[in-house]
1. Across segment 414-472, which residue is nearest to S548 (Cα to Cα) among those that are of a type in the set (D, E) and surrounded by fewer than 21 Cβ atoms within 10 Å (Cβ to Cβ)?
2. So, in segment 260-316, of the ones that are part of a strand (DSSP E or B) and in contact with a helix residue (DSSP H, G or I) (Cβ under 9 Å, 6 or more places away or on another chain), which residue ends up farthest from V245 (Cα to Cα)?
3. If we scan segment 125-143, do we find a residue that is under 18 Å from G45 (Cβ atoms), of a type in the set (V, I, T), out of contact with any strand residue (DSSP E or B) (no Cβ under 6 Å at 6 or more places or on another chain) and in contact (Cβ under 8 Å) with a residue 60 or more places away in the chain?
4. Look through segment 248-292, keep the residues that are surrounded by fewer than 18 Cβ atoms within 10 Å (Cβ to Cβ) and in contact with an Asp or Glu (Cβ under 8 Å, 6 or more places away or on another chain), and return whichever of them is modelled with the lowest pLDDT.
5. Please go through segment 143-179 and pick out each residue that is modelled with pLDDT under 90 and either part of a loop (DSSP other than H, G, I, E, B) or within 22 Å of S39 (Cα to Cα) (or both).
6. Among the residues of segment 186-233, how many are surrounded by fewer than 20 Cβ atoms within 10 Å (Cβ to Cβ), within 18 Å of the chain's Cα centre (by Cα) and within 22 Å of P401 (Cβ to Cβ)?
7. If you check every pair at least six apart or on different chains, which have Cβ atoms under 6 Å apart with a residue in segment 153-173 that is on the phi > 0 side of the Ramachandran plot first and a residue that is basic (K, R) and surrounded by fewer than 22 Cβ atoms within 10 Å (Cβ to Cβ) second?
Amino acid sequence: MRRIIPFLLCLLSIQMMAQQAVLNKPHNFPKSVPAGNYSGITWLGDDQYAIVNDKSKTAGFHLMTIRINDATGDIKEVRADSFLTNQQPNRDEEGVCYVPQTNTLFVSGEADGLILEYSLNGQLTGRQLRIPEVFSTAYANGGFEALTYNATTHRFWTTSENTLKADGQKPSIKRKTANLLRLQSFGDDLQPREQYWYMSDSSAVQGEEGENTLGVSGLAALDDGQIIVLEREIYKKPKNVGSFVHVKLFVVNPTLQCAGDLLQKQLITEFRTKINITDRSFANYEGICVGPKLKDGRILLLLVADSQDQYKGYLKDWFRTVVVDQLDFKPQPNTTTERSVLMGALYKLESDSKLSTPAFLSHDELPNAAHYIAEPPQPGDGAFENDRYYYNWGKEQRQTPRGNKAAIDEVQWTSKAFSPAVGFMIDPEKTPEIFKLAQGAQKDARATNKQAKNYFRRTRPFVYFQEPSINPATDEEYSTSYSFPSGHSVRGWVYALTLALVVPDSTETLIARAQEFALNRVICGRHWKSDTEASLVEATAIMSRLLSNAAFLEQLEKTRKEYARLKGK
C-alpha cells in the first residue's frame, strides 16, 4: 500500500496538469496560406508572426497574420503576407525565434547546424549563436529543430531533435529507446550558458512494421523561466493507412534545477492525429511558440504542422492553439534513480578502450608503480583520516551540480570529457590522428594502472564503509576491483598531458579538467583522495616513458600537423 499511494499521487498530479490545457480545434486556410513545409513559428507582436519553411527554394521566412479569439484562443484567420529571403540556398530552416531588443530573428538550420541572425527584411546580420562543439555530432535530419527566446529571462534555448552521436544511438522502429538530449541555453551575448540533460519518452508504436521518427521538434520559453517542450512521434505505415503523429507537451523548469541535471518534466497535454479510412487529421506539428495572453491571463501556445507541401493530397497545413493556465511546476533535486537512468544511458555507449587504436609501450616498457609509489594509507594513519574526510565531503557533493558532473564522468568517454578543454570534439573520424595519439597513450595508462592495482590491492571506499556509491547499479561490478591508484584519474592525467603537447594554449584548462576529473572519483565514492594523488605520480612516469618512445613521437608529429590544419580552417 505504501508503494501505491505515491504512484496515485503522481498520477493525480499529471491528470490535474493535463486538465489545465484546452486543445482548440485545428484549422487550415488553403485560400490564404500556400502549401508548404512549415516547421517553426514565432510571435512578433499584435497579429504578426514569422514562420520558417524547411523546403523553401531559398533561405528566409514567411511573415503571416494570425488572428486569435482573445477569449477562447481559437484561430480565426491565418494569412501569408510575404516571404523574405536573402536568395541564398535553403539551410533546412527548422526553428525560429524573435528578439524584440534587436528587432531581429534567429533561425536554426538543420543542414548546416548553425543558428543565424536575420533582420526582418530577410538579410543576414553576420551574428550567430556560438554553438558548443558537441552539437556538431548530430545525426542527419536530427539536429536543431527547436529554438526559442524569452525577452524577460534573456535566454535562448535549443536542443537537437535526436540523441547526438556523441551521446549514443537515436531511437528507431526497432530500437524503442528514449532520446537523450542536451537542452542548451545562450545569453544575449550569444555565448553558451547553462546545459541540461533531457530525456524524451520512448516510442508508442506497437511492433516493428513501418517507419517512425521520434524527438523534440519545438520549445517555447515562458517569462518565469519554465519551458514548454514539444515531443512528437511520427509513425508511417507502408501504405499510409494507420499512420499517426503522437504529440506531447511537457513543462520543465531549469531555474529550479542545477546545470547538468537531468530535467524532470510534467505532462501538460497530449493528442494524436492520424490517417485511416474516415480520418485524415494527420499533422506533423513541428513548430510551437507563445502568443499573446488571453483576456483572462491564460497562456496561448500556437502550433504549426509540416504538410510536406500537402503530400499527395493527404495532408493539410494545419494550425492549432493550446491554452494553458499559469504553470507552476516545481521539480525536486535529481534522485539516485533519475541519476542512474542518465548514467545507464551513457554507460551503454561503446568505451574508448574498445576502439581499435594501438598502444605505444610494450609490456616491458610500462613503468612499475611498485618502484616509485609508496604504500597507500592504512586505517589509523593521519593520511587515512584525510582520506576519510574527503570521502565524507564527496558524499555531500553528490546532490549538487558537481555531483551530477562526477556521475557523468564515471561513464562518459575520456575523449568527450576532455574535448571542451581543447575547444573541439576529439573524434576518430574528425580528428583521427589526435584520437590515435591520446587513445594510445590512454591504453598505456590503463595497462600500467592494472599492474599497480593488482600489486597494492586496496579496497574501494564505498566497499570499506559498506555504503552505496553515486551509482548503486554498478556497485557490484566495481566491488571486485581495486582502488589504488585511481584508473580513471591516471587516464585523465595522461589524456590531458598528451593533449597539452598538441594544443599548448589549452594547457591550463586541460590541467584544471584533469584535476576535476580525478576529484570526481572521490565524489563518486569509488576512490580515496590518496588514490587520485598517486595517479598523478603514475601519470608522470608514463609520460616520461612515452616522450622517449619513437612510435609516440612519430604519432605526435602527425597529430600536430592535423591540429595545424584544423586550426587553419
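1. Filtering segment 414-472 for residues that are of a type in the set (D, E) and surrounded by fewer than 21 Cβ atoms within 10 Å (Cβ to Cβ), the one nearest to S548 (Cα to Cα) comes out as E433.
2. L262
3. no
4. A259
5. Within segment 143-179, G168, Q169, K170, P171, S172, I173, K174, R175, K176, T177, A178 qualify.
6. Here the count works out to 7.
7. none
The values are calculated or read from the model by the stated rules, or taken from the named source; none is laboratory data. Not measured: the values here are computed from a predicted model. Note: ideal-geometry Cβ built from the backbone for every residue, glycine included; neighbour counts use all protein chains shown.
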